[in-house]
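To start, the structure under review is shown below, and the notes come after it.
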Amino acid sequence: MKTYLVTGGAGFIGSNFIHYMFKKYDKDIRIINVDVLTYAGNLENLKSIEKRDNYSFVKADICDKEAIRSVFADNDIDIVVHFAAESHVDRSIKNPEVFVKTNVVGTAVMLNCAREAWELSDGTYKEGKKFLHVSTDEVYGSLPEDDNAFFYETSPYQPHSPYSASKASSDMLVKAYMDTYRFPANITNCSNNYGPYQFPEKLIPLMINNALTGKKLPVYGDGKNVRDWLYVEDHAKGIDMVINKGRLFETYNIGGHNEKQNIQIVNIILDTLRQMLPDSDPRKEHITKDLITYVEDRKGHDRRYAIAPDKIKAEIGWEPETCFEEGIKKTIAWFFEHEDWMKNVTSGDYQKYYQEMYKEG
Ligand code: NAD
Ligand code: TYD
């Protein structure tokens, strides 16, 4: 039975990954979730699996070497899936230092502790160990508005935001560990995810929540920046496949060939909400394009991201399964069914963040 150490498992992608893994492997795996529970970490995301015998939660900071060391000392970890990070670009523009601490120093601590636990005296590693570093396509910088330009695994790193710079640094550390110590790892660089449990500071859940509560829909700049959207379960599946089939020391890009301008996304959300709400719902009549408001652009706003997933498809056989039309319906249906989740995460600190970010209540 494989034991997985998942960092950041109480966040958006981490919690979806844990659900995916238990659905697929049930009792045949063990998962230890290490998360310090920042504003983005929410144990409510894991309520349905928290009582399993083969799951445990450790509240710890990935920068805390002693805490991480003892997780490795107490458990024979086979696979590390490293999600824990500060993940929001706008927050990184306001407060870059915590991004460097968590994303760079935290990754260094994770790598060191894994190496300490796994390395044998001759410099090789115990059988079957792997460190999967979860990263982003934002490390590659920005593409021109040309439908034929894509990010490949060989594209140069050109990060622009403090978030992507910190993720690029963490990727470089993983690469350095692979080159210097032959440390058994893979890196995955994925495009923008959406789906259940996503914190409403990110474009899609923010727009869904604002539309449902009758708030303005703040579109940055001209709204024509392009992102390549992937349903989160497809990402979870990709990570699982890279763990099992990825060649050690390789990087794999994960993306869905689903590029859309932000304004297109907002319009699809409005149309889908109107389709899905019953006529008797009083919110329906307010959900119109009039809610859209163009606001000041993000500083250093990357124009276009687009992944070429050729390598992961050819080597591993991964392909996205959920088209955007289906994924957005599933996501909206999930938010309809989890209004309390949204109420809980948008109370308190989120209100403060929202007021500061968008200068309104
Ligand atoms: P998230 O912000 O929703 O979750 C991050 C989790 O990490 C939270 O549970 C938080 O409590 C935890 N965490 C933060 N700092 C920590 C620390 N010091 N110690 C322990 N835990 C800590 O992020 P997400 O969107 O789920 O992203 C997960 C990973 O995937 C990140 O590494 C991110 O860079 C990467 N990624 C995200 C996307 C996306 O679209 N969201 C796309 C590609 C890659
Ligand atoms: P986001 O979800 O923050 O992801 P990322 O910046 O990591 O790609 O933003 C996605 C796109 O949506 C990005 O181009 C910025 C834009 N955006 C808005 O126009 N308005 C908003 O309120 C937010 C949060 C994002």
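The values are calculated or read from the model by the stated rules, or taken from the named source; none is laboratory data. Predicted model only: the values in this text are computed from it and were never measured. Note: ideal-geometry Cβ built from the backbone for every residue, glycine included; neighbour counts use all protein chains shown. Just the protein is used for accessible areas: all its heavy atoms, side chains included, with ligands, DNA and RNA removed. Shrake-Rupley method; radii C 1.70, N 1.55, O 1.52, S 1.80 Å.
Using DSSP to define loop residues, name the trypsin sites (Lys or Arg not before Pro) in the stretch 45-144 whose beta-carbon has at most 11 other beta-carbon atoms within 10 Å.
Values: sites: K47, K51, R52, K59, K65, R69, R91, K94, K101, R115, K126, K129, K130; in loops: K51, R52, K126, K129.
Sparse-neighbourhood loop trypsin sites (Lys or Arg not before Pro): K51.
Using only the heavy atoms of the protein chains and a 1.4 Å probe, how would C190, C323 rank by accessible area, largest first?
Working: C190 5, C323 70 Å².
Descending accessible area places them as C323, C190.
Would you work out the Kirkwood radius for the stretch 1-73? I mean one over the mean of 1/r across all pairs of different Cα atoms, in Å.
12.3
Heavy atoms only, 1.4 Å probe, whole protein assembly: order S15, S87 by accessible area, highest first.
Values: S15 0, S87 45 Å².
These residues rank, largest area first, as S87, S15.
Just need the Rg to Rh number for the chain, please, alpha carbons only, Kirkwood Rh. Please list the in-between numbers first.
Working: Rg = 20.1 Å, Rh = 21.0 Å.
Value, to two decimals: 0.96.
If I take R0 = 51 Å and measure r between the Cβ atoms of R303 and S70 in this structure, what FRET efficiency does the formula 1/(1 + (r/R0)^6) give, to the nearest 0.05?
Values: r = 45 Å, r/R0 = 0.88.
Approximately 0.70, to the nearest 0.05.
When every alpha-carbon pair in the stretch 96-173 is counted, what percent end up more than 15 Å apart? Kindly include the intermediate steps, with their values, before the conclusion.
On the way: 1911 of 3003 pairs.
Percentage above 15 Å: 64.
Ignoring ligands, DNA and RNA, what accessible area per residue does the chain give at 1.4 Å, in Å²?
Numbers: 15550 Å² over 361 residues.
It amounts to 43 Å² per residue over the chain.
Provide the FRET efficiency to the nearest 0.05 for the K329-D281 pair, computing r from the beta carbons and using R0 = 22 Å. Intermediate values should be presented prior to the final figure.
Numbers: r = 16 Å, r/R0 = 0.74.
Given R0 = 22 Å and the Cβ-Cβ separation, E is 0.85.
Work out, in µm²/s and without decimals, the Stokes-Einstein translational diffusion coefficient of the stretch 258-314 at 25 °C, 0.890 mPa s, Rh from Kirkwood over C-alpha pairs.
Details: Rh = 14.5 Å.
Roughly 169 µm²/s, to the nearest whole number.
Past 22 Å, Cα to Cα: identify those pairs from K94/K359; K237/K311; K23/K343; K289/K329; K202/K311; K260/K330, in the order given.
Working: K94/K359 14 Å; K237/K311 16 Å; K23/K343 27 Å; K289/K329 19 Å; K202/K311 28 Å; K260/K330 18 Å.
In this structure, K23/K343; K202/K311 lie more than 22 Å apart at Cα.
To one decimal place, what orientation-averaged projected area in nm² is obtained for the convex hull of the Cα set of the stretch 177-308? Display every interim value, and only then the final one.
Working: hull surface 40.6 nm².
With the hull built on Cα positions only, its mean projection is 10.1 nm².
Contour minus end-to-end for V295 and S347, with contour as 0.36 nm per residue of separation and end-to-end as the Cα-Cα distance?
Details: separation 52, 0.36 × 52 = 18.72 nm, distance 2.37 nm.
Gain on extension, V295 to S347, equals 16.4 nm.
I need the fraction of alpha carbon pairs in the stretch 146-243 separated by more than 17 Å, rounded to a whole percent.
On the way: 3227 of 4753 pairs.
In whole percent, the share of Cα-Cα pairs in the stretch 146-243 beyond 17 Å is 68.
Which longest run of the chain has no exposed loop site in it, a site being GluC sites (Glu not before Pro) in a DSSP loop with at most 14 other beta carbons within 10 Å, and the site itself not part of the run? Provide the component values of the computation, followed by the final result.
Values: sites that count: E50, E127, E145, E296, E321, E360.
With GluC sites (Glu not before Pro) excluded where exposed in loops, the chain gives 146-295 as its longest stretch.
What part of the accessible area of the stretch 208-361, given as a whole %, is carbon or sulfur when the probe is 1.4 angstrom? Let's see the in-between values first.
Values: 3430 of 7180 Å².
Carbon plus sulfur share of accessible area: 48 percent.
Please work out the FRET efficiency for the pair Q264 and E127, using the Cβ-Cβ distance as r and a Förster radius of 45 Å; give the result to the nearest 0.05.
Numbers: r = 48 Å, r/R0 = 1.07.
Efficiency for this residue pair is about 0.40.
How much of the accessible area of the stretch 28-107, in percent, comes from carbon and sulfur atoms when a 1.4 Å probe is used?
Details: 1830 of 3710 Å².
About 49 percent, which is the carbon plus sulfur part of the accessible surface.
Give the carbon-plus-sulfur fraction of the accessible surface of the stretch 128-200 in %, rounded to a whole number; probe 1.4 Å, heavy atoms of protein chains only. Mind dumping the intermediate values first?
Numbers: 1250 of 2520 Å².
Whole-percent figure for carbon plus sulfur exposure: 50.
Hey, quick one: spin label on T180, modelled 7 Å out along Cα-Cβ, who in the stretch 119-143 has an amide N within reach, i.e. under 19 Å?
119-125, 131-133, by backbone N distance to the label point.
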